[in-house]
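Report on one structure; see the data block that follows.
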Amino acid sequence: MGEAGHGMNPQTILVAGVRPGTGATTLAALLWSRIRSRAASLVLLRPEGLPDAFRAALELGTPERQPLEGRDQARITEACFGCGSCALLCRFGAIRRTSARPGAFAAHVTENAPTAWTIDPLSCTGCGVCARFCPSGAIVLRQPVIGSLEIIPGTSRNATAVAAALEPGREHDLKTALRLIREGRSLASAEPGSPVFVTGVSAAAPIFPDLCAASSRLVLVTAPGPGAARHLETALVRAHGRTETIRVAISFMEQDPEAATHIETVCQTRGIDFLRGLPYTESLHERLRDGRPLDALPAEDPVRTAADTILSFL
Amino acid sequence: MTDPVRPTASGRAFSVAVGARHGGLGATALAVDLALLLADRGIAALLVDADPLMPAAAARLETAWGEEIGVAALSPTVNHELCQRCGACSDFCAFDALELREAGIRFFPDRCIGCGGCRRICPSRAITETQRLLGTARRGIVDSRLSVLEARLAEDALGWSAPMTAWLRQSARPAPFQMIRAVPGIGRTAREAWRGVDRLVFLDDAATDVPVPGLETDRIIRIPSRAAPRTEPGAGMIRFDGSAETARAILRSGRLASSGGSVADGVHRLAGSLAELAGGAHG
């Protein structure tokens, strides 16, 4: 690993697809599983957390869970008298009337419903406009628990995965993503030279540029297919100047050599190192699907060889 | 697919969104295939690419594009002559889009989500809201039966994907049939794409009891993905065999229907069901 990966500041490698579905998460998991006897951590930013089969394939144990708090969110308290001005102020359509009687004062609606207005937690952005301008000061901002942070120790070696199982409808914003990355860094700093692999988001995520800024290296994963070169260009624009080094890997490249050559040309014109990527093999996908250890891939498996080659470039 | 057809008001498009639990399950390919197959059946279709961060559907089609139009939204402008540098706006902004510096307030457009709070809170009325360009949209024609609508956010407006998707949905009225390609996942932008649709075709590799918020379950057609070909939920209409040949065919063409075998059969059957539903809604 490079000289940046020592001491209290472990090297953070973001492995992201140029768009969803390029196999970036698989590549990151494979790279992480090929790093031997180090405290490397894998930070997975998929909102649904780590699927069981994936966990088994990576030889991970039982997760230790802790509550994960999201951004500020507005909540209407009992002091609400039902004027509805918050709903007019909210530009995100998050405040909706729950009363069948429009204009009714909250206290008059039913005894059991203290307010006639509710806030949809999945639409609320936490901007705070409603709370600031509520005439009765009835709206408070709180940071709700949006899921659980999972720290999952490896069973066969000293490596850990960090993921978060978020409530349905929640997605990682920069706050929760950086929280997970911090956790991964602190785990990796236990042993000098251990890197942190961050994955689970693509360049099509709004937080991608900020994640690049939080990482020392970026491996962009692309796959041949319609629009691949254009997606790569967009991803490179978003990452430009935000991270120390950028490398590009191609998944399934042997499936379409012509498209792969085109992607290689894009890299060359921009002076970006091009890594050959993961071949498509059924063995890898079956293992991830069925939860059989990746580590037990035969030594001559092309996927394993490819991962080791990519690691030597990092 | 046994549930009754919901009546749709005359003149309204029958709309179907294609979403997925996460990337790589083939949602874009399926959306393109279904739009083409419905157009083949004589139903004039509009394919809406509701991913303004990375539109990917039209690359699989030969499209003649019309003019690009700008899409704008309200965004603050600070009048530095009126500004007293009190910092009320920067204190209020939950997204750090305004920062108090010695020279005055500095605005970071890439962080602003357009809540309008800063304008309301400024004691000197130094902040006004003006239309700022978020990105561009364009409409294209594939053939006489199929057109495409897509938008692309500007690089300093990436946080606006949900509002841009809502804009796309609202701007996509005039077509008897709408196929909407949603971003993967069940987050805000994805839910914005399938708000109010007649059906959501959802590619899923999770257990079928994991909820998809924002839509009644009777409007969701769940399809087990190639990542979980061994699950057998009743609604599964497309069998992904997970073989290398199928994967290769899909990768090269960016389409499912050209892969042959069980996947293509399933796509044709799904298109047939949707065509019936759409026809029923209009007839």
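Any read-out appearing in this document is the output of simple, stated calculations on the displayed coordinates, not a laboratory observation. Since we're looking at a predicted model, the values are computed, not measured. Positions of Cβ are backbone-derived with ideal geometry, glycine not excepted, and every protein chain shown enters the neighbour counts.
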field: Order by protection proxy (mean Cβ within 10 Å, highest first), peptides B:258-268, B:175-185
entry: B:175-185, B:258-268
task: With a 10 Å radius around each residue's Cβ, average the other Cβ atoms per peptide and rank A:218-229, A:180-191, highest first.
output: A:218-229, A:180-191
field: Principal-axis tilt of helix B:261-282 within chain B, Cα atoms, nearest 10 degrees
entry: 70 degrees
message: Around A:Ser148, under 11 Å between beta carbons, what's the net of Lys plus Arg minus Asp minus Glu among the other residues?
response: -3
message: If the rule is a partner Cβ under 4.7 Å, which cysteines in chain A fail it?
response: A:Cys80, A:Cys83, A:Cys90, A:Cys124, A:Cys134, A:Cys212, A:Cys267
- prompt: When the helix-only estimate is applied to the protein assembly as shown (DSSP H runs of n ≥ 4, each -39,500 (n - 2.57), divided by the residue count), what is the mean residue ellipticity at 222 nm, nearest 500 deg cm²/dmol?
  reply: -8500 deg cm²/dmol
- line: Comparing A:Leu232, A:Leu88, A:Leu50 in a Gaussian network model of chain A (Cα, 10 Å), the one with the largest mean-square fluctuation is A:Leu88
Using alpha-carbon coordinates, inclination of helix B:161-171 to the longest axis of chain B, degrees: 60 degrees
task: For an R0 of 30 angstrom, estimate the FRET efficiency from the Cβ-Cβ distance between B:Glu99 and A:Val145 and round to the nearest 0.05.
output: 0.50
query: Which residue fluctuates the most in chain B, going by a Gaussian network model with Cα springs under 10 Å, if the choices are B:Ala13, B:Ala97, B:Ala39?
result: B:Ala97
- line: Inter-part gap, Cα centre of the stretch A:273-314 to Cα centre of the stretch A:165-230, in whole angstrom, is 20 Å
statement: For the A:Ala296, A:Arg230 Cβ pair and Förster radius 45 Å, calculated FRET efficiency rounded to 0.05 is 0.70
- request: Name the long-range amide H neighbours of B:Gln178: under 5 Å, sequence gap of 5 or more, or other chain; modelled H, no Pro or chain starts.
  value: B:Phe14, B:Ser15, B:Val16, B:Leu46
- line: Helix B:244-253 sits off the longest principal axis of the Cα atoms of chain B, rounded to the nearest 10 on a 0 to 90 degree scale, by 60 degrees
- request: Compute the Cα gyration tensor for the stretch B:80-125, then decide on rounded, prolate or oblate, letting a ≥ b ≥ c be the square roots of its eigenvalues: rounded whenever a/c is under 1.5, prolate when a/b is larger than b/c in the other cases, and oblate in all that remain.
  value: oblate
- prompt: Of the residues B:Asp91, B:Asp40, B:Asp156, which exhibits the maximal mean-square fluctuation in a Gaussian network model of chain B defined by a 10 Å Cα contact cut-off?
  reply: B:Asp91
- request: Take the alpha carbon gyration tensor of chain A, find the square roots of its eigenvalues, order them as a ≥ b ≥ c, and report rounded if a/c is under 1.5; if not, report prolate when a/b exceeds b/c, else oblate.
  value: prolate
task: Pull out a ≥ b ≥ c, the square roots of the eigenvalues of the alpha-carbon gyration tensor of the stretch A:225-303, then state rounded if a/c is under 1.5, prolate if not and a/b is larger than b/c, and oblate in the remaining case.
output: prolate
- prompt: For A:Thr245 and A:Ser85, what does the FRET efficiency come to when R0 = 35 Å and r is the distance between their Cβ atoms, rounded to the nearest 0.05?
  reply: 0.10
